[in-house]
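*Asks:* My questions will all concern the structure given below.
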Amino acid sequence: MSETNVIEERIYLGNVDFTATEDELKDFFASLNVTAVEIPSKTITRGKKTFVKRLGFAFVLFSSKEEADRAIEEYNGKEFKSRHIHAKKAVPPVTGEEKKKKTEAYFAKQKELRAKADKKKKDDTKAKAKAETTADEGQVSAEDQDGGKSTAEGKQTGANGTKPSKAANGAASPKPSKESSAKKTQDASKTPAGSKSKDTVFITNLDYKTNIKALNSLFKELKPKWVHIPPRRMPYHVLKRYQAQQRPIFNKGIAFAKFPSEEVQLKAIEQFNGHEVDGRKIIVEVAVDRVVPEGVTENTPDAAEEAEGEASESKTVPEAAEDADSTAAKVEGQDS
């Protein structure tokens, strides 16, 4: 999604507490001129029971672009109801044509990955068969050679009591490991689906206590659009216990940062890959823009739930991360 394709007066808030209300968010942004607040939700029916579930993100509309910019600058990473929210400019919902293209791109990528995995499997099978054939031929050749030299070797054995070693007669080399081949095939099938992002980087080997403030400070000169550090996932009852005990909730060891352009993105990789942050050398590389699967659109609240939890350890922009907004092409469920 292009950088210009945003709603300048509107921001997206991620990692919002599920119990938060519109009035509480208005109070949170009391120092700014808020025009409207929207917290998407969906109605769930289970048997005879129907209830409304909030989706963990929100949209805030301000009176001007300047107010929205100020909100992102001042409130990104701030704590709201025991959660550190992340803010960025909102984007309009995708059109039917855009959805169709993304769906086609998704299935094309999946087809390509399956083809690569199948080819790898066939190549491994051929290599294994060839290795076995070569080993058999080597053994036959060695036996022929032994027969041709039986008299000489008999004399040698009689003279010093030793026999020629198998290594000298071309012993077979070890066969390729089945587990190794299977693992390579599996790794190929797990390649993140999508295209290389032109503005977002994926950061790994991050210290589990590193926060957004530290990364914002690190990238300050490059003026990142936003930085997101997915928190470690845990069951709701465990989360509430941690909050009650005021225990820190660490991150997943990964992060994403979006920059104004591809040029700045590449500069960030060149400048900060291998840089030490909180005692660990971070790895900075190009992230992968997520493609939207069939049936999931970027303008529906359900999209955030579909993306949440996917590729939590991958570099898809994403969400290799905790919620849908941690990616450059992340599914945001935005309604205009």
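The values are calculated or read from the model by the stated rules, or taken from the named source; none is laboratory data. Just so we're clear, the structure is a prediction, and the values are computed from it rather than from any experiment. So basically every Cβ, Gly included, is an ideal-geometry build from the backbone, and we count neighbours across all protein chains shown.
Yes/no per residue for (1) within 30 Å of Ser41 (Cβ to Cβ); (2) modelled with pLDDT under 90:
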site: Phe59; (1), (2): yes, no
site: Glu74; (1), (2): yes, no
site: Glu97; (1), (2): yes, yes
site: Lys121; (1), (2): no, yes
site: Gln139; (1), (2): no, yes
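*Asks:* Out of curiosity, is Thr50 of a type in the set (S, T, N, Q), touching a Lys or Arg at 6+ places or on another chain (Cβ under 9 Å) and outside any helix (DSSP H, G or I)?
*Replies:* Judged against the criteria, Thr50 is not a match.
Table: residues versus (1) buried (at least 18 other Cβ atoms within 10 Å of the Cβ); (2) among the acidic types (Asp, Glu); (3) in the same structural domain as Pro40 (by the TED database); (4) modelled with pLDDT under 85.
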position	(1), (2), (3), (4)
Glu221	no, yes, no, no
Val277	yes, no, no, no
Glu298	yes, yes, no, yes
Ser312	yes, no, no, yes
Thr316	yes, no, no, yes
Ala321	yes, no, no, yes
Asp325	yes, yes, no, yes
Val331	yes, no, no, yes
Ser336	no, no, no, yes
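*Asks:* Sort out which residues of region 53-74 are outside any strand (DSSP E or B) and either of a type in the set (Val, Ile, Thr) or not assigned by the TED database to the domain that holds Leu25 (or both), and write them in order of number.
*Replies:* Ile72
*Asks:* Just to be sure before I move on: is Glu67 among the charged types (D, E, K, R), more than 24 Å from Phe256 (Cα to Cα) and modelled with pLDDT of 90 or more in the structure I sent?
*Replies:* For Glu67, the condition - among the charged types (D, E, K, R), more than 24 Å from Phe256 (Cα to Cα) and modelled with pLDDT of 90 or more - is met.
*Asks:* Applying the selection to region 1-50, what residues are among the hydroxyl-bearing types (Ser, Thr, Tyr) and closer than 29 Å to Gly194 by Cβ?
*Replies:* Ser2, Thr4, Tyr12, Ser41
*Asks:* Which of the following residues is under 16 Å from Lys78 (Cα atoms), under 14 Å from the mean Cα position of the chain (by Cα) and either basic (Lys, Arg) or assigned by the TED database to the domain that holds Ile282 (or both): Ile229, Ile249, Ile203?
*Replies:* Selected residue: Ile229, the only one of Ile229, Ile249, Ile203 that is under 16 Å from Lys78 (Cα atoms), under 14 Å from the mean Cα position of the chain (by Cα) and either basic (Lys, Arg) or assigned by the TED database to the domain that holds Ile282 (or both).
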